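Working notes, beginning with the structure itself.
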Amino acid sequence: MRFAKAHHLHLGKPQNVTECVHPAMVAVNVPFNCLAPNPPEKIVAFLQRAGVAQRDLQQYREQVQALAKGFEAAPLTQAWKGELPLAAEKKKKPLVWQNNFPRESIDVTPLQY
């Protein structure tokens, strides 16, 4: 879905993190903001509607495809901001930044539901 391709991404200045960071690591939080799609129907509304409707598998598949197309064609009007936590090993040069906790770092639920 296009949701993963938010546009107009702006990154802020990385903020050093020292609390609970292993001595061999360096960690930062990178603030960001971007625009994400605002689809005609969000996932929770679709699931509620699909839960009460009696459809066969083919009809359900068609509805899921329509939902995906709605996300793909939606205008990028939802403002989204957060912080992306990154860490790297101090010894390795150049530093290789990793997001070690992708599920916890960015919650996209408000944009999808």
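Average accessible surface for the stretch 1-90: 68 Å² per residue, computed with a 1.4 Å probe over protein heavy atoms with every protein chain in place. For the pair residue 30 and residue 81, the difference between a 0.36 nm per residue extended length and the Cα-Cα distance amounts to 17.3 nm. Note that the stretch 13-18 has calculated 3J(HN,Hα) couplings of 6, x, 9, 5, 10, 10 Hz, one per residue in order, obtained from phi through the Karplus relation 6.51 cos²θ - 1.76 cosθ + 1.60 (θ = phi - 60°); glycine and proline are x. When peptides 60-67, 37-44, 89-96 are sorted by average Cβ neighbour count within 10 Å, with the highest value leading, the order is 37-44, 60-67, 89-96.
The alpha carbon centroids of the stretch 10-44 and the stretch 68-99 are separated by 6 Å. Label sites at residue 21 and residue 41, each approximated as a point 7 angstrom past Cα along Cα to Cβ, lie 4.6 nm apart. Restricting the calculation to Cα atoms, the stretch 6-54 yields a radius of gyration followed by a Dmax of 19.6, 57 Å.
The values are calculated or read from the model by the stated rules, or taken from the named source; none is laboratory data. Worth saying up front: this structure is predicted, and the values here are computed from it rather than measured. Because the Cβ atoms are built from the backbone with ideal geometry, glycine has one as well, and the counts that use them run over all protein chains shown. Just so you know, the surface numbers come from the protein's heavy atoms only, side chains and all, with ligands and any DNA or RNA stripped out. Shrake-Rupley method; radii C 1.70, N 1.55, O 1.52, S 1.80 Å.
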